[in-house]
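The values are calculated or read from the model by the stated rules, or taken from the named source; none is laboratory data. Quantities reported herein were computed from a predicted structural model and do not represent experimental measurements. Positions of Cβ are generated from backbone atoms using ideal geometry, with glycine treated the same way; all protein chains shown enter the neighbour counts.
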Amino acid sequence: MMISRNASSLQVSSDGLRALAETIFRKRGVPKKDAVLVADILIEANLRGHDSHGVIRIPNWIKGLDCGALKSVCQPSVVRDKGATALIHGDYGLGPVVAKKATDLVLQKAKNFGVGVVSVRKASHIGILQYYSQWLAEKGVIGIVVTNTEPGVAPFGSRQQILGTNPLTISVPSEGAPYLVDMSTSVAARGKIVNALERGESIPEGWAIDGEGNPTTNPTEALKGALLPAGGAKGSALAIMIDFLAGGLAGGSVGTKVSGTMNTDQEITKGDMFLAIDPGSIGSKRRFVGCVEELASEIHNSQPLPGTEMVLMPGEFERIQKKKNLKNGIDITEKLLTEIQKLAE
């Protein structure tokens, strides 16, 4: 494994880290195909600059596997199938394994019916959502994925943890790589707070409040208090609706009763929803892609702010970051690397 060091952390080759992740899951009885998939999703998150959903998640998933709350070998099953819709029971498996089955099924539905909606219950955290929406867009359909998580976000006007970070991703096909948005409905993902705590860093003001409702830059106090919704009332409302679309639709839980994402040793009550739309079933797919490229061109050619080199489309930051990280290695703390190396022994 190629490792280099800078002032505060290590840079590890993506191939070395991927092999390490595969080994960890294989040693817990996860089938090779599934271990490869899980490792790929984790490493992709790190490569794209979303470390909160990368290898930092490994110890948490292993906790669930080691205590038996998660199954190393799962058999996700379609428990309801009606037209363009379906419901999958995840059999308490690793989220990415179940989510890939859901993504395959929703693509098939979209190809058959023009649109597909697949809900998932009883599967652990599915990792970085854009992995799935981008895959769908690469297959020529619009991909939308939402999930709900444990309470950690205060609704607008409250200081109590009631909502999850409840993320959303949308990817659209283009003439080249898909354009995509992948965002939590909180100002920052909870994993970024955990990542800052792991690195001994403070967090930006405006991300969170402490237990008394006061702004804080201390990640420990932020986790005791609550994250703030993105865009105030707008992000709060969006998080509420995603609770319904993810947990409610799948027959899971919403609000303070959601569990199984961060605390993998607890009962899984969160849900996921996968939506795919075939633009060619509604109008002209060529015309749709043309619209995508037309707007992308306008945005790329718009006048940048002082100090900004170029205005980017959603998803292009991740492409740039991935190119850098493939060359330089993935940034990781020595503490985390040591922890996951021990899990591989």
Condition check for GLY329: at pLDDT below 95 and either polar (S, T, N, Q) or exposed (fewer than 15 other Cβ atoms within 10 Å of the Cβ) (or both): no
Would you confirm, using the coordinates I've provided, whether LYS323 is modelled with pLDDT of 95 or more and either closer than 30 Å to SER14 by Cβ or in the same structural domain as VAL106 (by TED's automatic domain parsing) (or both)? yes
Might you check whether a residue that is surrounded by fewer than 17 Cβ atoms within 10 Å (Cβ to Cβ), touching a helix residue (DSSP H, G or I) at 6+ places or on another chain (Cβ under 8 Å), farther than 21 Å from GLY54 by Cα and at pLDDT 95 or above occurs anywhere in region 163-174? no
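So that you can scan it fast, the table gives a plain yes or no per residue for (1) surrounded by fewer than 24 Cβ atoms within 10 Å (Cβ to Cβ); (2) of a type in the set (A, V, I, L, M, F, W, C); (3) part of a helix (DSSP H, G or I):
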position	(1), (2), (3)
SER133	no, no, yes
VAL146	no, yes, no
PRO155	yes, no, no
ARG159	yes, no, no
Between a first residue in region 279-294 that is closer than 18 Å to ILE170 by Cβ and a second residue that is aromatic (Phe, Trp, Tyr) and in a helix (DSSP H, G or I), which pairs have beta carbons less than 7 Å apart while being 6 or more apart in sequence or on different chains? PRO279/PHE288
Can you tell me which residue among ALA226, ALA137 is crowded, with 19+ Cβ neighbours inside 10 Å, closer than 24 Å to VAL97 by Cβ and more than 14 Å from the chain's Cα centre (by Cα)? ALA137
Residue, farthest from LEU238 (Cα to Cα), within region 190-222, restricted to residues that are crowded, with 21+ Cβ neighbours inside 10 Å and among the aliphatic types (A, V, I, L, M): ALA196
Determine whether GLY213 is at negative phi, of a type outside the set (D, E, K, R) and not in a strand (DSSP E or B). no
Counting only residues that are without any contact (Cβ under 8 Å) to a residue 40 or more places away in the chain, of a type outside the set (A, V, I, L, M, F, W, C) and more than 23 Å from LYS335 (Cα to Cα), region 168-203 contains a total of 1
Suppose we filter region 189-203 for residues that are in a loop (DSSP other than H, G, I, E, B) and within 21 Å of the chain's Cα centre (by Cα); how many remain? 2
Test: LEU47 is touching a Ser or Thr at 6+ places or on another chain (Cβ under 7 Å), in the same structural domain as LEU107 (by TED's automatic domain parsing) and at pLDDT 95 or above: no
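Per-residue answers, yes or no, for (1) modelled with pLDDT under 95; (2) not basic (Lys, Arg):
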site: GLY83; (1), (2): no, yes
site: VAL97; (1), (2): no, yes
site: LYS100; (1), (2): no, no
site: VAL117; (1), (2): no, yes
site: TYR131; (1), (2): no, yes
site: TRP135; (1), (2): no, yes
site: GLU138; (1), (2): no, yes
site: VAL146; (1), (2): no, yes
site: GLY152; (1), (2): yes, yes
I'm checking my understanding of the structure. Among residues of region 259-317 that are within 20 Å of the chain's Cα centre (by Cα) and assigned to a helix (DSSP H, G or I), which one is farthest from GLN161 (Cα to Cα)? GLU316
Keeping to region 229-252, report how many residues are crowded, with 22+ Cβ neighbours inside 10 Å and part of a loop (DSSP other than H, G, I, E, B). 1
